[in-house]
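A short worksheet on the structure shown next.
The values are calculated or read from the model by the stated rules, or taken from the named source; none is laboratory data. If you're wondering where the values come from, they're calculated on a predicted model, not measured in any experiment. Here the Cβ positions follow ideal geometry from the backbone for every residue, glycine too, while neighbour counts run over all protein chains shown. Side chains are part of the model used for accessible areas, which takes the heavy atoms of the whole protein and leaves out ligands, DNA and RNA. Shrake-Rupley method; radii C 1.70, N 1.55, O 1.52, S 1.80 Å.
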Amino acid sequence: MILNLRLTMESGQPPNFIWNKEGNKYFRYIDGEKCYIWYDNNLRCTEGFEEHVLKLLRAGDDLNKIYKKISTDAAIKRAIKNYRGLRVTLSDPWETLVCFICSINNNIPRIRKNVQSLMREGRVLTPEEILKADLSKCSLGFREKFLKETAELVLSHDFKKIGETDYKTAKQTLMEFPGVGEKVADCVLLYGYGFLQAFPIDVWIQRAMEKYYRKKKPAEIRKFAEERWGSCAGYANTYLYAAVRGI
DNA sequence: AGCCAGGGCGCTC
DNA sequence: GAGCGCCATGGC
């Protein structure tokens, strides 16, 4: 498996906010047990979590095949060369939603602080816990209201089922939640439900698309990305994001 | 002081 | 449907 673990865990995807680092190992608690991931000539993890880790890193994705499909031009070829082994991750949908509600008009270090403040015993608070908790110390700002109201609404939804519909239906459903617009929805669809055709458009992707492709308006960008990268647009997005940020 | 951060919402027109 | 100000907070 082609893998750069550091890039994958520290490039602004949900694991960047949820997992912690100890030396060159990453860890979090899963079902109350500490799970480590590290790279030692090969992907390693705490015994018993192999399946979980393979799912997190989307081990089934054939990166060579994906590289071939999205290598449409010099800009993205350069990004692939510079960030080879960066994988799109798949995290728990609710935890992913919490991450990207925290991300609204925020920066990566502070998103991480916010998300960590919403964790107990190595996991993100459940919707029920979010509703009961006093979040005034979490410094979420205006996002606290979004989070509380979304938690309330999630309770009346079959949240896992959102991923069982098609991309557009799932996106519409997610956008019913307070604080979830197109960008947050696409992030949750990509990193929480595994829809690789999702192409989240944030300020950095806008900069990348203008710089490399002279596309400025989100609607224009969305159409361009869909036609160009189709079912692998999410990978193209993740690489362009890394490239324009210089991660 | 002012701008920016993996934006969304509500209001205009 | 596009444009615009506002929304907390913290770092620079």
message: I'd like the full set of residues that are open to solvent by less than 40 Å² (accessible area, probe 1.4 Å) and of a type in the set (A, V, I, L, M), limited to region A:72-89.
response: A:Ala75, A:Ile76, A:Ala79, A:Ile80, A:Leu86, A:Val88
message: With at pLDDT 95 or above, within 11 Å of DNA strand B (Cβ to nearest atom) and either surrounded by fewer than 16 Cβ atoms within 10 Å (Cβ to Cβ) or not aliphatic (A, V, I, L, M) (or both) as the only criterion, which of A:Thr169, A:Thr173, A:Thr150 stands out?
response: A:Thr150
- request: Can you give me the number of residues within region A:126-146 that are outside any loop (DSSP other than H, G, I, E, B), within 16 Å of DNA strand B (Cβ to nearest atom) and under 19 Å from A:Arg112 (Cβ atoms)?
  value: 4
- request: Out of the residues in region A:17-71 that are open to solvent by less than 80 Å² (accessible area, probe 1.4 Å) and aromatic (Phe, Trp, Tyr), state the one that is nearest to A:Gly85 (Cα to Cα).
  value: A:Tyr67
- prompt: Being within 13 Å of DNA strand C (Cβ to nearest atom) and either of a type outside the set (Lys, Arg) or open to solvent by 10 Å² or more (accessible area, probe 1.4 Å) (or both), is that true of even one residue in region A:121-133?
  reply: no
message: Condition first: charged (D, E, K, R) and without any contact (Cβ under 8 Å) to a residue 40 or more places away in the chain. Now tell me which residues in region A:212-247 satisfy that.
response: A:Arg214, A:Lys215, A:Lys216, A:Lys217, A:Glu220, A:Arg222, A:Lys223, A:Glu226, A:Glu227
message: Quick check on region A:102-115: of everything there that is assigned to a helix (DSSP H, G or I) and within 8 Å of DNA strand B (Cβ to nearest atom), which residue is surrounded by the most Cβ atoms within 10 Å (Cβ to Cβ)?
response: A:Ile111
message: Regarding region A:196-214, can at least one residue be identified that is outside any helix (DSSP H, G or I), within 15 Å of DNA strand C (Cβ to nearest atom), over 18 Å from A:Pro14 (Cα atoms) and touching a helix residue (DSSP H, G or I) at 6+ places or on another chain (Cβ under 8 Å)?
response: no
